[in-house]
Structures are given as structure tokens and as C-alpha cells.
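Beneath this line is the structure, given in C-alpha cells, with notes to follow.
The values are calculated or read from the model by the stated rules, or taken from the named source; none is laboratory data. Please read these numbers as outputs of a predicted model, since none were measured by experiment. Cβ placement follows ideal geometry from the backbone for every residue including glycine, while neighbour counts extend to all protein chains displayed. Heavy atoms of the whole protein, side chains included, go into the accessibility calculation; ligands, DNA and RNA do not. Shrake-Rupley method; radii C 1.70, N 1.55, O 1.52, S 1.80 Å.
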Amino acid sequence: MTLAYLKDVVTLSLDPEKCIGCGKCTEVCPHRVFTLEDHKARIANKDRCIECGACALNCPAGALDVDPGVGCAAAIVKGWITGEEPSCDCSGDSSGCC
Ligand code: SF4
Ligand code: SF4
């Protein structure tokens, strides 16, 4: 099953002019929002983004922008559903979460 959230509300944006095609965003995104095509990142499915902020935090070129926050809520909701402890864990350091 592929999860998607509310349509067209995600704050994620990508500046293709700044992208250097390193692929880091494709590695760190937990929801496979990006693809790499012709040495440039592309947002393949914006509505799957949970705004965790990991991509923008790890982009060396400053090509990504997102208002983080919803990812923590998503982790809490997932914890309710699965009965497990929420694993967002972004409160302790600034290395990204989810
Ligand atoms: S991390 Fe940034 S520079 Fe690297 S591919 Fe993704 S958007 Fe481009
Ligand atoms: S904010 Fe998180 S979920 Fe959204 S595109 Fe970036 S890494 Fe993926």
C-alpha cells in the first residue's frame, strides 16, 4: 500500500538550478519522494512527503526547502496504529528524523 497525505498541501520545494545531482535526497527520504534523472533530483510524488525535513537538512546545495513538523505527528499517529513507541526521535539532536 502506498501512503499519500492531503493533496497539494506539502511545503516541499526543489530548485533544479541549485541541484548538483548528488542523490543524497533519494537516500535519506523515507517515503521515496525523489527520483534522480539526468543528474538532477526530481520530485516524483510530492503528496507522499511527511515534511520530516531530512532531505533539506542533508542537501549540500541548498536546493531543497520544506517546513518540517508534520513528520513528528505522523510518527505519533503511526505509534497509535501499530501500538509501538513513536520513533520520530527528532527532539534530541538536529540530525533529522523519521
Ligand atoms: S540532495 Fe540536493 S543537490 Fe543532491 S540530488 Fe538532492 S536536491 Fe540535488
Ligand atoms: S521532508 Fe522528509 S518525507 Fe518529505 S521529501 Fe524530504 S525527506 Fe522525504
Seminar exercise, completed: Conditions (1) modelled with pLDDT of 65 or more; (2) farther than 23 Å from Lys7 by Cα; (3) within 15 Å of ligand 2 (Cβ to nearest atom) -> Ser95 fails only (1)
For this session: Scan Cys55, Cys19 and give me the residue that is near ligand 1 (Cβ under 7 Å from one of its atoms) and in a helix (DSSP H, G or I).
Result: Cys55
Exercise. Here are Asp47, Asp38: which of them is of a type in the set (Asp, Glu), more than 10 Å from ligand 1 (Cβ to nearest atom) and at negative phi?
Worked result: Asp47
For this session: Tally the residues that are open to solvent by 70 Å² or more (accessible area, probe 1.4 Å) and in a strand (DSSP E or B), restricting the search to segment 26-40.
Result: 3
For this session: Determine which single condition Asn58 fails, assuming it passes every other condition in (1) open to solvent by 40 Å² or more (accessible area, probe 1.4 Å); (2) more than 9 Å from ligand 2 (Cβ to nearest atom); (3) modelled with pLDDT of 95 or more.
Result: (2)
Problem set entry | Selection from segment 8-33 of residues that are free of Cβ contacts under 8 Å to residues at least 24 places away in the same chain and of a type in the set (A, V, I, L, M, F, W, C) | Val9, Val33
